[in-house]
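Have a look at the structure below before the remarks.
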Amino acid sequence: GVDRKYRTAFHNGRPLKTRITDLCAALGELGVWVRLHYVYPYPHIDELLPLMAAGKILPYLDVPLQHGSPRILKAMRRPAAAEKTLDRILAWRQAVPDLTIRSTFIVGFPGETDADFAELLDFLRAAELDRVGCFAYSAVEGAPANAIAGAVPESLKEERRAAFMAVQEAISRGRLQRRVGQRQRMLVDAVGRGGKVIARSASDAPEIDGVVHLGKAAGLKVGDWVEVEITRADAHDLYGVVVST
């Protein structure tokens, strides 16, 4: 709401400031899953954590961090204090222990050196993000980045992307493994042939995150809520059994 200077608008006759905290609090009254995407790592995120802790909105943040090298972040014109971002992530998790953090990164940005890429991997290992996507930089017509010296060869971009994803796969596997043995409320997304059920937890955004495989569970339909005990995990998905409906 910064661009609107937090101007007051109305919903069903109720005044609401166009401010993320106020809007999220109002969304939290609807009794539905509210999951935040594309939220930049600015201090106002801290104001949302009490809403997550109270169960008003999901303990989930999609924060496009882009890189872990301050030099490259500056070239991207992004907030460049990577070490402060790490501190903030730690503080978020202390406030909301079951917080899921998703992010996206770019490798092969013009001028990215081996040292910059190594710094990115160090950041990734330190942050231990739950869900991560990685893209090789692609020039866009008219973009200021096209004028930056040091274009990264396509083959090296792909090499770095593969190395990045290998590191993240190990992190993801470890974080999902920690959830084995937990019981969580989940939403049934699909029932396939033979009654095999696919669900998702509060930590799984539809279409971009992993899923929860429940095997055959008779009597369930899409949209049902179920209590699930997680029995195993791989690098992307969870597996569980329904303990109650």
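The values are calculated or read from the model by the stated rules, or taken from the named source; none is laboratory data. What you see is a predicted model, and the numbers here were worked out from it, not measured in a lab. Here Cβ is always computed from backbone atoms with ideal geometry, including for glycine, and neighbour counts include all displayed protein chains. Side chains are part of the model used for accessible areas, which takes the heavy atoms of the whole protein and leaves out ligands, DNA and RNA. Shrake-Rupley method; radii C 1.70, N 1.55, O 1.52, S 1.80 Å.
Highest-first packing order for the peptide set 95-102, 186-193 is 95-102, 186-193, based on the mean count of other beta carbon atoms within 10 Å.
What pairs in 17/74; 56/221; 56/216; 157/196 have C-alpha atoms more than 28 Å from each other?
Pairs exceeding 28 Å: 17/74; 56/216; 157/196.
In region 71-158, what GluC sites (Glu not before Pro) fall in a loop by DSSP, with at most 11 other Cβ atoms inside 10 Å? Listed in order of number, the matching sites are 141. Note on the chain: dipole from Cβ charges, positive end direction compared against 182, 34, 100; the farthest Cα belongs to 34. In plain terms, the chain from residue 225 to residue 90 could stretch by 45.5 nm, reckoned as 0.36 nm per residue minus the Cα-Cα distance. Between residue 156 and residue 71, the simple spin-label model (points 7 angstrom out along Cα→Cβ) gives 1.2 nm.
Which value in deg cm²/dmol, rounded to the nearest 500, describes the helix-derived mean residue ellipticity at 222 nm for the chain, given -39,500 (n - 2.57) per DSSP H run of n ≥ 4 and division by the residue count?
Using -39500 (n - 2.57) per qualifying helix, the result is -9000 deg cm²/dmol.
Applying a DSSP loop filter and a limit of 15 other Cβ atoms within 10 Å to the chymotrypsin sites (Phe, Trp or Tyr not before Pro) in region 1-64 leaves 6, 33, 38. Full extension of the segment from residue 166 to residue 2, taken as 0.36 nm per residue of separation minus the current Cα-Cα distance, would add 55.3 nm. Accessible surface comparison of 157, 216, probe 1.4 Å, protein chains only, largest first: the order is 216, 157. Between the listed residues 23, 51, 76, the Cα displaced farthest toward the positive end of the dipole of region 1-83, a dipole computed from Cβ unit charges relative to the Cα centre, is found at 76.
Counting other Cβ atoms within 10 Å, keep those with at most 12, restrict to DSSP loop, and tell me which GluC sites (Glu not before Pro) in region 184-240 are left. Taking region 184-240 and a limit of 12 other Cβ atoms within 10 Å, the loop GluC sites (Glu not before Pro) found are 207. Distant-in-sequence amide contacts of residue 232, defined by a placed amide H-H separation under 5 Å and a gap of 5 or more residues or a different chain, comprise 239. Taking the protein heavy atoms of region 175-219 in the context of the full set of protein chains, the accessible area attributed to carbon and sulfur is 48 percent at 1.4 Å.
For region 1-120, give the percent of accessible area contributed by carbon and sulfur heavy atoms, probe 1.4 Å, rounded to a whole number.
On the way: 3590 of 6390 Å².
Carbon and sulfur together cover 56 percent of it.
Solvent-accessible area per residue in region 112-166 equals 55 Å², computed with a 1.4 angstrom probe and all protein chains kept.
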